[in-house]
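Some notes on the structure that comes next.
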């Protein structure tokens, strides 16, 4: 397969396809490119050509430039002089730094959530656990990843700390590709499901110490799983 028009020189990707009636604003462009990075269609080291993205989407180069800057701020792209935007690579050191911060912040969020969690919140988390179980059993990793993210977002929303949410949104975006691909590891989705059930159990018990601990252990397990895969050139 030949490279698509949006990346150079050696990553076999599909060109961006656009619904003629879809929103062509900055946010839409950001989301489309982000999904291509997460899925691996735009692999690490791919150069994204601004003019080609603009032509493919039927927009001027200005919103594309702003979208690329936003993705660079999230850590998904690097802006290199005379080269433009390049899909960022993840090193073991990058991973360690990101996951150390995420462990501390998500552990805190889980502790804070204990104070305000309601039975309705718990029911929402239980339903997500059920969806994750179904997705794991059917091998639907996209659905599993989506439910996983929603589970964590429910806890963040209960915690109610806006700045904590903003910091986590930024730090999690920097490893979203690696977190998704780590689910390809045989048995990882089942292990992850058990970790989320332990988090739910701690929240049901309204035990802040235990809630923070099991969340931290979950993030540690995620970090370990990604680090075991990150050197595999087939995935990263």
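No lab work stands behind these numbers, since they all come straight from the coordinates. What you see is a predicted model; the values in this text were computed from it and never measured. Don't worry about glycine lacking a Cβ; one is built from the backbone with ideal geometry, like all the others, and counts go over all protein chains shown.
Key figures
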{"item": "Principal-axis tilt of helix 208-229 within the chain, Cα atoms, nearest 10 degrees", "result": "40"}
{"item": "Mean projection area, nm², convex hull over Cα of the stretch 92-229", "result": "7.2"}
{"item": "Ellipticity estimate at 222 nm from DSSP helix runs (n ≥ 4, -39,500 (n - 2.57)) divided over the chain, nearest 500", "result": "-22000 deg cm²/dmol"}
{"item": "Least to most buried among 196, 82 (fewest other Cβ within 10 Å first)", "result": "82, 196"}
{"item": "Two-site label geometry, residue 69 and residue 137: point separation in nm, points 7 Å out along Cα→Cβ", "result": "4.9"}
{"item": "Extension gain (nm, one decimal) between residue 150 and residue 217, 0.36 nm per residue minus Cα-Cα", "result": "22.2 nm"}
{"item": "Nearest 10 degrees, 0 to 90: helix 61-74 Cα axis against the chain principal axis", "result": "40"}
{"item": "Relative contact order of the chain, pairs being alpha-carbon contacts under 8 Å that are 6 or more residues apart, as %", "result": "21"}
{"item": "For the chain, radius of gyration divided by Kirkwood radius, i.e. Rg to Rh on alpha-carbons", "result": "1.00"}
{"item": "Principal-axis tilt of helix 92-116 within the chain, Cα atoms, nearest 10 degrees", "result": "40"}
{"item": "Cα pair distances in the stretch 17-126, grouped into 10 Å bins until the bin that holds the longest one, percent each", "result": "12, 33, 23, 21, 9, 0"}
{"item": "Inter-label distance, nm, simple model (7 Å from Cα along the C-beta direction), residue 228/residue 206", "result": "3.8"}
{"item": "Computed E for residue 165/residue 60 - FRET, C-beta separation, R0 41 angstrom, nearest 0.05", "result": "0.80"}
{"item": "Cα→Cβ-extended label distance, 7 Å offset, between residue 190 and residue 92, nm", "result": "2.8"}
{"item": "Extended-chain gain in nm, criterion 0.36 nm per residue less alpha-carbon gap, residue 120 and residue 50", "result": "20.6 nm"}
{"item": "Mean separation of Cα contacts under 8 Å, 6 or more apart, over the residue count of the stretch 92-229: relative contact order %", "result": "44"}
